[in-house]
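Notes follow once the structure below has been shown.
The values are calculated or read from the model by the stated rules, or taken from the named source; none is laboratory data. Quick caveat: nothing in here was measured; it's all calculated off a predicted structure. Cβ placement follows ideal geometry from the backbone for every residue including glycine, while neighbour counts extend to all protein chains displayed.
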Amino acid sequence: MAEGIQKVGVLGCGLMGSGIAQIAATAGYATVVKEVSEDFLKKGIAGIEQSLGKFVDKGTLTRQQRSETLGRLKGTTDFEELRDCDIVIEAITENLQTKRETFTTIDRIVKPAAIFASNTSSLVITEMMTATRRVDRFIGMHFFNPVPLMKLVEVVGTITTSPQVLEQAMQFAASLGKVPIRTSDRSGFIVNRLLVPYLLDAIRALEEGVGNVEDIDKGMKLGCGYPMGPFTLLDFVGLETTYYIANIMFEEFREKRFAPPPLLKRLVLAGHHGKKTGRGFYDYSDAANPKPLF
């Protein structure tokens, strides 16, 4: 366990929040996960139970370890339950104003010595930090989906973050079984700053007739050794997610490489968000055999 951290708070029990809460509890930390309603909380906790069950089935977790992990996990709808946490990680909706309001609320409740972290993948940490009175104890901790399986965590420091807090966060991420990397407070950090332009360029190549969806995907898989092509990845991540992140990054940098291509905008407006909606760059009517649409 990381020095100085014994109790972990997680804001949000959706896809990312539940994963963060799961790995924190699995690593031995007393963990409190907060949701806005009992229904969302029950759904999130059920997802954690199901995920832990899969690890038991695979033999990477014993039934006793699963039981102990769940014993360290507490769900709540009350911010007051976060009062004595040593670190609070926010994983709520990717909306700056909502995040700022949430951090302002918990800043009045959680002990001053606690570290605040945001799991944002694209928003600027400084813009959230200024909603609190702990500017030296505010960081980004960007986990990747699915959290229990993906090893990387981007640890993001601002110009006011204490070096000791950054080191503590690095140790904490490592104690969760993750590989932490440091990055500065620039929209997109390391991974999305490199990944998003690549995905957008693939769409532009499609728009310009360089190749069709299937051939571009095959080209990047077989030519570069990527596990999946850009369009398969776009559909997996969610087209609306990529569109949202790209807009934030374009607003930050005002560079063409971050600007969403017209085809991406049209697909998002039409509700074709990828695998989750059954249509994106592929048609998933037959889930075992997706068909390219372009």
Inset, instruction - Identify, from the list PHE116, PHE103, the residue that is touching a Ser or Thr at 6+ places or on another chain (Cβ under 7 Å), assigned to a helix (DSSP H, G or I), buried (at least 21 other Cβ atoms within 10 Å of the Cβ) and not aliphatic (A, V, I, L, M). - result: PHE103
Inset, instruction - Identify the residue in region 88-127 that is closer than 16 Å to GLY19 by Cα and of a type in the set (A, V, I, L, M, F, W, C) and, among all such residues, is farthest from the chain's Cα centre (by Cα). - result: VAL88
Inset, instruction - Could you grab me the full set of residues in region 212-227 that are outside any helix (DSSP H, G or I) and on the phi < 0 side of the Ramachandran plot? - result: ASN212, TYR226, PRO227
Inset, instruction - Using the structure shown, decide if GLY59 is within 18 Å of GLY177 (Cβ to Cβ) and in contact (Cβ under 8 Å) with a residue 24 or more places away in the chain. - result: no
Inset, instruction - Would you mind finding the one in THR60, THR31 that is of a type in the set (Ser, Thr, Tyr), in the same structural domain as LEU82 (by TED's automatic domain parsing) and surrounded by 14 or more Cβ atoms within 10 Å (Cβ to Cβ)? - result: THR31
Legend entry - Subset of region 144-173 that is part of a strand (DSSP E or B), of a type in the set (Val, Ile, Thr) and in contact with a Phe, Trp or Tyr (Cβ under 7 Å, 6 or more places away or on another chain) - its residue that is nearest to GLY188 (Cα to Cα): VAL156
Legend entry - Hits in region 126-143 - residues which are touching a strand residue (DSSP E or B) at 6+ places or on another chain (Cβ under 9 Å), part of a helix (DSSP H, G or I) and either among the charged types (D, E, K, R) or crowded, with 24+ Cβ neighbours inside 10 Å (or both): MET129, ARG137
Inset, instruction - Scan region 216-265 for residues that are within 17 Å of the chain's Cα centre (by Cα) and among the β-branched types (Val, Ile, Thr) and jot them down. - result: VAL237, THR241, THR242, ILE245, ILE248
Legend entry - Close pairs from region 232-255: first touching a residue at least 24 places away in the same chain (Cβ under 8 Å) and over 12 Å from LYS275 (Cα atoms), partner among the charged types (D, E, K, R) and part of a helix (DSSP H, G or I), Cβ under 8 Å, at least 6 apart: TYR243/LYS265; MET249/ARG193
Inset, instruction - Considering each residue of region 99-140, count those that are at pLDDT 95 or above, under 11 Å from VAL156 (Cα atoms) and among the small types (Gly, Ala, Ser), and give that number. - result: 3
Inset, instruction - Could you give me the residue pairs with C-beta distances under 9 Å whose first residue belongs to region 143-168 and is closer than 16 Å to ALA113 by Cα, whose second residue is of a type in the set (Phe, Trp, Tyr) wherever it lies, and which are 6+ apart or on separate chains? - result: THR160/PHE138; THR161/PHE138; VAL165/PHE138
Inset, instruction - Identify all residues within region 69-100 that are loosely packed, with under 14 Cβ neighbours inside 10 Å and in a helix (DSSP H, G or I); write none if there are none. - result: GLY71, GLU80, GLN97, THR98
